[in-house]
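Structure first, then comments.
The values are calculated or read from the model by the stated rules, or taken from the named source; none is laboratory data. It should be emphasised that the depicted structure is a prediction, and the values quoted were computed from it without experimental measurement. A quick note on method: Cβ atoms are made from the backbone with ideal geometry, for glycine too, and the neighbour counts reach across all protein chains shown. What goes into the accessible areas is simple: the full protein's heavy atoms, side chains included, and nothing from ligands, DNA or RNA. Shrake-Rupley method; radii C 1.70, N 1.55, O 1.52, S 1.80 Å.
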Amino acid sequence: MARIGATGDGGCRRLALSDEDRQGRDRLLGWMRKIGLEVRIDKIGNMIGIYPGHTDAAPVMLGSHIDTVASGGKYDGALGVLAALETAETLRDAGISPRRPLAIIAFTNEEGSRFQPDILGSCVWTGDTSLDDAYRIVDSEGKSIGDELRRIGYLGDVEPGFLQPHAYLELHIEQGPILDAEGGGIGAVTGVQALWWSEINIEGEANHAGTTPMHYRRSASVAACRLVMIARALTDEIDGLVANVGRMAFDPGNVNVVPRRATMTLDLRHPDDATLSGAERSLATSIGEIERQERVVVECKDLARFAAQPFDSRIIQCVEESAKALDLNVRRMVSGASHDAQIMATVTPTAMIFVPSVKGLSHNPQEFTRDEDVVAGANVLLTTAIRLAEEA
Ligand code: HGY
Ligand code: MN
Ligand code: MN
């Protein structure tokens, strides 16, 4: 899978609904069929492969995503989908058909890099986002999700949410430094932190960079950079708050023109909803000050907003017990990254399994997880899936 969209530096780039994503989907489709899964594509392009159980009880759903960020690595998302395929293939090779079917899913646009918000495929699956609203979302070039799904041939025909899973389980790399720093082991994930993504537009006034006295300037770039440092200062004040400005552009962007406009994105996250809201309020106050002092106008547009989401204590315990039965170290932890699991948790008992990211690197071509940790994670997924699939 990592050869598709390979960026030549060890990473890969398969932005949602791009040609590389289509190639990745085609490959996944081929693998699902080779294993003998019954494949369905839903109307937002989620790909589901069903491994039969000996009853038609509600399936155990396993999955993740195969789209990546622009500077993606080999493991984020793909690990969970491929390990789920491996689970089905292992059962088939062992001639085991569990009581419940397995439904293996690859969700559309988990990353939210090209189309915001992220975790869109699972939001449409649960009805949290309507198909029409999802189809209308456009990327920075004005291409819509509906048109791009059609163009790559993955605008499927079944209703999102056509299956009501008995449980949902997702294997994923931690994408942070905790497990690696502790010498490895399994993360029994207890939930996902709250997230707020905003697009911030700052209107100033274009002017001459040489002749305009500093106190005359209404510089959108000065205002934007002050905002970056204010967000950074907030993370020093509020324990556990993380902030990132991932994109910033100035208009007209000439060396000798005071920018009239700045557009930037802000990603704020915290494990506690109320604390995150407090941080947003504090930021809004600072924005008011910047508007007055720099004589600019600042507008914030929500790109994504997800409350903190706890996982199901029974499923978390299943993950822990599976890891211990495999003589693996296991510890509970909250996910700093958002995942489709946080949305699936609103409709079915859900938990995640983390494996270590070396040096905590992710969304980076050097993203790496050791083979023995990949195997350990896949075995925890397999044994937990079997246990859930045998439940009455
Ligand atoms: O941004 C995230 O947490 C995820 O990688 N989409
Ligand atoms: Mn991911
Ligand atoms: Mn990611």
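Whole number in Å², please: accessible area per residue of region 247-305, 1.4 Å probe, ligands, DNA and RNA not counted. Walk me through the numbers on the way to the answer.
Details: 3190 Å² over 59 residues.
Per residue, region 247-305 has an accessible area of 54 Å².
Got a number for carbon plus sulfur as a percent of the chain's accessible area, 1.4 Å probe?
Exposed carbon and sulfur together represent 50 percent of the surface.
Between 0 and 90 degrees, rounded to the nearest ten: what's the tilt of helix 313-325 against the longest Cα principal axis of the chain?
Once rounded, one gets 60 degrees.
What list of ³J(HN,Hα) couplings, whole Hz, do you get for region 52-58 from phi and the Karplus terms 6.51, -1.76, 1.60, once you set θ to phi - 60° and write x for glycine and proline?
x, x, 8, 10, 9, 5, 3
Could you size up the charge dipole of region 125-257 around its Cα centre, putting +1 on the beta carbon of Lys and Arg and -1 on that of Asp and Glu, and report it in debye to the nearest 20? Display every interim value, and only then the final one.
On the way: 9 positive and 20 negative charges, 131 e Å.
Charge dipole of region 125-257: 620 debye, to the nearest 20.
State the answer as a single residue: which of ALA94, THR129, ILE105 lies farthest towards the positive end of the charge dipole of region 60-207, with beta carbon charges of +1 for Lys and Arg and -1 for Asp and Glu, about the Cα centre.
Checking the options against the dipole of region 60-207, the answer is ALA94.
Can you list, bin by bin at 10 Å, the percent of alpha carbon pairs in region 123-172, starting at 0?
Going out from 0 Å in 10 Å bins, region 123-172 shows 21, 44, 29, 6 percent.
Got the relative contact order for the chain handy, in percent, Cα pairs under 8 Å and 6 or more residues apart? It would help to have the intermediate numbers written out before the result.
On the way: 923 pairs, mean separation 91.5, N = 392.
The normalised contact order for the chain reaches 23 percent.
So what's the angle, to the nearest 10 degrees on a 0 to 90 scale, between helix 220-237 and the longest Cα principal axis of the chain?
Once rounded, the angle reads 50 degrees.
Per residue, what accessible area does region 33-122 have, given a 1.4 Å probe and all protein chains present, in Å²? Don't jump to the answer; show the numbers that get you there.
Details: 2610 Å² over 90 residues.
Heavy-atom accessible area per residue stands at 29 Å².
To test your reading of the geometry: what angle, between 0 and 90 degrees and rounded to tens, separates the Cα axis of helix 371-389 from the longest principal axis of the chain?
Between helix and principal axis, roughly 60 degrees.
Among SER282, ALA304, HIS215, which residue has its Cα furthest toward the positive end of the charge dipole of region 198-328, with +1 on Lys/Arg Cβ and -1 on Asp/Glu Cβ?
Final value for the positive-end residue is HIS215.
Eigenvalues of the Cα gyration tensor times 5, then square-rooted: what semi-axes does that give for the chain, in whole angstrom, largest first? Can you show the working numbers first?
On the way: eigenvalues 331, 103, 67 Å².
Square roots of five times the eigenvalues give 41, 23, 18 Å.
Taking amide H atoms as placed 1.01 Å from N in the peptide plane, list the residues 5 or more away in sequence, or in a different chain, whose amide H sits under 5 Å from that of ARG370.
Those lying under 5 Å, H to H, from ARG370 are VAL358.
Taking H as built 1.01 Å from N, whose amide H comes closer than 5 Å to the amide H of GLU111, not counting residues under 5 places away?
Excluding prolines and chain starts, which carry no amide H, the hits are ILE119.
For the charge dipole of region 1-47, defined by +1 on Lys and Arg C-beta atoms and -1 on Asp and Glu C-beta atoms about the Cα centroid, which residue among GLY30, ILE44, GLY5 has the Cα displaced farthest towards the positive pole?
Most positive-ward Cα: GLY30.
Translational D (Stokes-Einstein, µm²/s) of region 57-147 at 25 °C and 0.890 mPa s when Rh comes from the Kirkwood sum over C-alpha pairs?
Numbers: Rh = 14.7 Å.
The diffusion coefficient I find is 167 µm²/s.
Whole-Å semi-axes of region 256-392's equivalent ellipsoid, largest first, each the root of 5 times a Cα gyration tensor eigenvalue?
Working: eigenvalues 347, 73, 29 Å².
Largest first, region 256-392 gives 42, 19, 12 Å.
Taking the Cα centre of the chain as origin, work out the dipole magnitude from +1 charges on Lys and Arg Cβ and -1 charges on Asp and Glu Cβ, in debye rounded to 20.
On the way: 39 positive and 56 negative charges, 123 e Å.
Computed charge dipole of the chain: roughly 600 debye.
Which ³J(HN,Hα) values in Hz, rounded to whole numbers, follow from the phi angles of region 240-245 under the Karplus curve 6.51 cos²θ - 1.76 cosθ + 1.60, where θ = phi - 60° and Gly and Pro get x?
These are the phi-based 3J(HN,Hα) values: x, 7, 10, 9, 9, 9 Hz.
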